Amino acid sequence: MLKTVAEIIDAFGGTAAFADFRGVSRFTVNTWRRRNRLPPEGDFTLVKEAKKRKIKLSHEDLARIRHEDA
C-alpha cells in the first residue's frame, strides 16, 4: 500500500517517468510531490496502469491520501 504521492511517483519510476505517463511537466509532478496531492481526474488511468505494472494502488489508497492531507 502506497501512503504518499511521493511513493506513488517513485513506484512509477520517478519524476520524469511519472511526468511522461501523465503527460505533464516535471515541474508539475514535483509540485504534486511537494504538496502530497494528485489531481483526481487521472485516478482511473493511474489505478489501471498501476495494476498493469503490478503496483499495489487502489482508489481507496488515493482517497486516503487525499483525506489525510486535508
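The values are calculated or read from the model by the stated rules, or taken from the named source; none is laboratory data. Because the structure is a prediction, the values reported are computed rather than measured. Neighbour counts are summed over all protein chains in view; Cβ atoms, including those assigned to glycine, are modelled from backbone coordinates with ideal geometry.
See the values below:
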quantity: Residues within segment 12-45 that are among the aromatic types (Phe, Trp, Tyr) and either free of Cβ contacts under 8 Å to residues at least 24 places away in the same chain or not in a helix (DSSP H, G or I) (or both), tallied; calculated: 4
quantity: Those residues of segment 26-45 which are farther than 17 Å from THR4 by Cα and either among the β-branched types (Val, Ile, Thr) or exposed (fewer than 12 other Cβ atoms within 10 Å of the Cβ) (or both), in sequence order; calculated: PHE27, GLU41, PHE44, THR45
quantity: Counted residues, segment 27-48 - those being of a type in the set (Asp, Glu) and under 15 Å from GLY14 (Cβ atoms); calculated: 0
quantity: Some residue of segment 1-11 being loosely packed, with under 15 Cβ neighbours inside 10 Å, out of contact with any helix residue (DSSP H, G or I) (no Cβ under 8 Å at 6 or more places or on another chain) and either at pLDDT 95 or above or outside any loop (DSSP other than H, G, I, E, B) (or both); calculated: no
quantity: The listed residue being in a loop (DSSP other than H, G, I, E, B) and either modelled with pLDDT of 95 or more or loosely packed, with under 12 Cβ neighbours inside 10 Å (or both), out of LYS48, LYS54; calculated: LYS54
